[in-house]
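Asker: Have a look at the structure that comes next, please.
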Amino acid sequence: MPSQKTWTGKVGDTKTFTITTDPVDATDSTEVITATDAISSDTAIVTVTKNGAGFEATIAGEGTATINFTSGSLTTSIAVTGQAAG
């Protein structure tokens with residue numbers, strides 16, 4: 001079973017997530033990457049916007065949320081924990 005991907009940071013922290021395919025040289029990798037969308041389970045905790053072939057996320061508040069990345073039937077997620085700044 002794959003390990004859960006996580007990101008813990010302080011309010012105001014940003015992180016860029018780069019989308020790749022496995023294998024990276026798959027014949028449809030460009031289409032899969034281009035079609036990928038990301039949705040935050042709680043935008044009061046973390047926001048996410050598309051940035052070229054990746055996504056930029058910002059921790060907006062304290063608490064936990066999940067960023068779900070989807071391209072067709074392919075999905076992955078990142079559990080995010082926001083902590084107080086300072």
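Asker: Run through all the Cα pairs of the chain and give the fraction in each 5 Å bin from 0, expressed as whole percent.
Answerer: 3, 15, 25, 23, 16, 10, 5, 2, 0, 0
Asker: Return the calculated 222 nm mean residue ellipticity for the chain, to the nearest 500 deg cm²/dmol, obtained by summing -39500 (n - 2.57) across DSSP H runs with n ≥ 4 and dividing by the residue count. Mind dumping the intermediate values first?
Answerer: Numbers: 1 runs with 7 residues, N = 86.
That calculation yields -2000 deg cm²/dmol at 222 nm.
Asker: If you count only protein heavy atoms with a 1.4 Å probe, what accessible area per residue comes out for the chain, rounded to a whole Å²?
Answerer: Working: 5390 Å² over 86 residues.
Averaged over the residues of the chain, the accessible area is 63 Å².
Asker: Report the local net charge at residue 21: Lys and Arg +1, Asp and Glu -1, summed over other residues whose C-beta lies under 13 Å from its C-beta. Let's see the in-between values first.
Answerer: On the way: positive: none; negative: 22, 25, 28, 31.
Combined, the nearby Lys, Arg, Asp and Glu give -4.
Asker: Ignoring any ligand, DNA or RNA, what whole percent of the accessible area of the chain comes from carbon and sulfur when the probe is 1.4 angstrom?
Answerer: Working: 2720 of 5390 Å².
In the chain, the share of accessible area belonging to carbon and sulfur is 50 percent.
Asker: Which length gain, in nm to one decimal place, applies between residue 20 and residue 84 when the Cα-Cα distance is subtracted from 0.36 nm times their residue separation?
Answerer: Details: separation 64, 0.36 × 64 = 23.04 nm, distance 3.12 nm.
Full-extension gain reported as 19.9 nm.
Asker: If you find the alpha carbon centre of region 13-43 and of region 51-75, how far apart are they in angstrom?
Answerer: Spelled out, the Cα-based centre of one part sits 9 Å from the other.
Asker: Cβ neighbours within 10 Å, averaged per peptide: list 49-62, 8-21 in order, most packed at the top. Mind showing how you got there, number by number?
Answerer: On the way: 49-62: 15.7, 8-21: 14.1.
Taking the mean over residues of other Cβ atoms within 10 Å, the ranking is 49-62, 8-21.
Asker: List the residues of region 10-48 whose backbone N lies under 20 Å from a point placed 7 Å from the Cα of residue 64 along the Cα-to-Cβ direction.
Answerer: 10-13, 39-48
The values are calculated or read from the model by the stated rules, or taken from the named source; none is laboratory data. On a predicted model such as this, the values are computed, not experimentally measured, just so you know. Neighbour counts are summed over all protein chains in view; Cβ atoms, including those assigned to glycine, are modelled from backbone coordinates with ideal geometry. Each accessible area value is taken on the protein alone, full model and side chains, heavy atoms only, with ligands, DNA and RNA left out. Shrake-Rupley method; radii C 1.70, N 1.55, O 1.52, S 1.80 Å.
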